[in-house]
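Asker: Okay, handing you the structure first.
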Amino acid sequence: MNHADFDFDTPVGRNNTSSEKWDKYQGRDIIPMWVADMDFRSPPAVIAALHERIEHGVFGYTHPPQGLVEAVINHLERDYDWQVQPEWLVWLPGLVCGLNVLSRAVGEAGDEVITFTPIYPPFMSAPTLSQRATVKVPLQLHNNRWVVDLGALERAITPRTKLLLLCNPHNPVGRAWTKDELQQLALVAERHDLVIGSDDIHAGLILDEGIRHLSIAALSPETARRTITLLAPSKTYNIPGMGCSFAVISDPALRCDFIKAAGRIVPHVNLLGYTAAEAAYRHGEKWRQALLSYLRGNRDLVEEAIGSIPGLATTHVEATYLAWIDTRTAGIDNPGRFFEEAGVGLSNGVDFDAPGFVRLNFGCARSLLKEALQRMERALQRH
Ligand SMILES: Cc1ncc(COP(=O)(O)O)c(C=O)c1O
């Protein structure tokens, strides 16, 4: 699929749309490349389905449409070779919500939750907000690739460790964990009887060709039994503001604990979220392939540009539209502020437990990306 079939190049103005990403720098000449949404319009099929639903004009309480459940099950089977039963799905209005519910669902107050850093910040705050201790195991850079340090993982586990929180693909380092890596983690989880919480929100965004997303729960029924997988169409089809997500939990007892922890506090998914999700999974594949092709081009540009700027380094982005950039040899005190002053709004690594790093969201028109990369280069030349 060629991305020329869809237009990702023409910038879509997002000012005056209450966009979190764009309003942060309203009125300032700073290109927003921080929070993880893309600047692209969603697939035409999603927009059409929303129009149709809006036209009906009645917006009452709505349960998950049967067609959506079927579309999700077909998608998981077709794209991830994962056979899932309809009753395993638990619908959620967001995945940060899912991370918090799952932190409460597993173990009890005072228990420990392990996660690999750097990491999307709610992985660290969700356990703490749930009266659990967050135990951080830093990823290691091995041959310029971020990997799990299995020895450090084993050493971090105590009798109070109950949950392993995995991000697959990993935000912010852009790794799509391999079968071998996932098998190793599954073995550790089995050995220490840990529940695995796997946030696979970026699963539809594997950029490297020839690789398929593999959910850890799809490894075997034994691993599935101890796993809660969190998924959503939100990142892939650029509908995060629609708030439609779900957990996949095959074990009835674990599912019951999860549903109990969500209680009556977690609201239903917005009906438009269901509509958008169903259209995305049913009719969005051509658009997704075109998007991946465009993002690959952006990714290559980022890797080339950052690699040629003295003081900056990055690793290969296998998945996601996020590049993780090491600024530590550039002699910058606060890289987030430094690049903002240069006209580029990045996410600051401190928030991901990695001072000295920044995260760049390249889910935008290529012209804007080129301008941002030039600004970064000029700022370092002046520094
Ligand atoms: C790994 C990960 N989980 C969850 C989220 C947010 O999910 P939601 O907007 O559904 O709460 C993000 C957004 O960047 C993310 O990268």
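Asker: Can you flag which of K24/K260; K179/K286; K179/K235 are past 29 Å Cα-Cα?
Answerer: Cα-Cα > 29 Å for K24/K260; rest within.
Asker: Given N residues in the stretch 1-148, what is its alpha carbon radius of gyration divided by 2.2 N^0.38 Å?
Answerer: The stretch 1-148 yields a ratio of 1.39.
Asker: Right, next: Using Cα-Cα distances under 8 Å and only pairs 6 or more residues apart, what relative contact order does the stretch 43-158 have, in percent?
Answerer: 16
Asker: What distance in nm separates the simple spin-label points at E303 and E154, each placed 7 Å from Cα in the Cβ direction?
Answerer: Here the modelled spin labels are 3.2 nm apart.
Asker: Then there's this: Under 19 Å from a point placed 7 Å out from the Cα of T128 along the Cα-to-Cβ direction: which residues of the stretch 59-99 have their backbone N that close?
Answerer: 96-99
Asker: Another question about this same structure. Provide the packing ranking of 152-159, 250-257, 224-231, i.e. peptides ordered by the mean count of other C-beta atoms within 10 Å per residue, highest first.
Answerer: Listed from highest to lowest mean packing, they are 224-231, 250-257, 152-159.
Asker: Note down the relative contact order for the chain as a percent, whole number, built from C-alpha pairs under 8 angstrom at least six residues apart.
Answerer: For the chain, the relative contact order is 24 percent.
Asker: Based on the mean of other Cβ atoms within 10 Å per residue, sort peptides 162-173, 46-57, 363-374, 113-124 so the most packed one is first.
Answerer: Working: 162-173: 25.8, 46-57: 13.5, 363-374: 18.3, 113-124: 22.9.
So the peptides 162-173, 46-57, 363-374, 113-124, ranked by packing, come out 162-173, 113-124, 363-374, 46-57.
Asker: Provide the three semi-axes, in whole Å and in decreasing order, of the ellipsoid equivalent to the chain as defined by the square roots of 5 times the Cα gyration tensor eigenvalues.
Answerer: Semi-axes from the Cα gyration tensor: 31, 28, 19 Å.
Asker: If you don't mind, there's one more thing I want to ask. For the stretch 1-50 and the stretch 234-297, what is the separation of their C-alpha centers, rounded to whole Å?
Answerer: Value for the Cα centre distance between the two parts: 19 Å.
Asker: Now for a separate question. What are the principal axis extents of the Cα atoms in the stretch 164-316, in Å, biggest first?
Answerer: The Cα atoms of the stretch 164-316 stretch 52, 42, 28 Å along their principal axes.
Asker: If you take every DSSP beta bridge fully contained in the chain, what fraction is antiparallel? Give it as a percent rounded to 5.
Answerer: Close to 50 percent.
Asker: How far apart, in nm, are two points set 7 Å out from the Cα along the Cα-to-Cβ line at N143 and at N16?
Answerer: Each label point is offset 7 Å from its Cα along the Cβ direction, giving 5.4 nm.
Asker: On to the next question. To the nearest 0.05, how large is the calculated FRET efficiency for S367 and R328 if R₀ is 35 Å and r is the Cβ-Cβ distance?
Answerer: 0.75
Asker: May I pose another question? Using 0.36 nm times the number of residues separating H63 and C256, minus their current alpha carbon distance, what extension gain do you get? If you can, show how the numbers build up before the last one.
Answerer: Numbers: separation 193, 0.36 × 193 = 69.48 nm, distance 1.88 nm.
Full extension of this stretch gives 67.6 nm more.
Asker: Which ³J(HN,Hα) values, rounded to whole Hz and listed in residue order, are derived for the stretch 206-216 from phi using the Karplus coefficients 6.51, -1.76 and 1.60 in 6.51 cos²θ - 1.76 cosθ + 1.60 with θ = phi - 60°, glycine and proline given as x?
Answerer: Values per residue, Gly and Pro as x: 6, 8, 5, 6, x, 10, 10, 5, 10, 7, 4 Hz.
Asker: Between I196 and residues 5 or more places away or on another chain, which pairs have amide H atoms under 5 Å apart, with H built 1.01 Å from N, and which residues are they?
Answerer: Under 5 Å from the amide H of I196: L164, T227, I228.
Asker: Take the solvent-accessible surface of the protein heavy atoms, probe 1.4 Å, and return the percent of it on the stretch 203-339 that carbon and sulfur atoms account for. Intermediate values should be presented prior to the final figure.
Answerer: Values: 2660 of 5230 Å².
The computed percentage sits at 51.
Asker: Continuing with the same structure: Pull out the extension gain between Q83 and N270, defined as 0.36 nm times the separation in residues minus the alpha carbon to alpha carbon distance; nm, one decimal.
Answerer: Full extension of this stretch gives 64.7 nm more.
The values are calculated or read from the model by the stated rules, or taken from the named source; none is laboratory data. Computed from a predicted structure; not experimentally measured. Heads up, the Cβs are rebuilt from the backbone with ideal geometry, glycines too, and the neighbour counts pull from every protein chain shown. Ligands, DNA and RNA are excluded from the accessible area calculation, which covers all protein heavy atoms including side chains. Shrake-Rupley method; radii C 1.70, N 1.55, O 1.52, S 1.80 Å.
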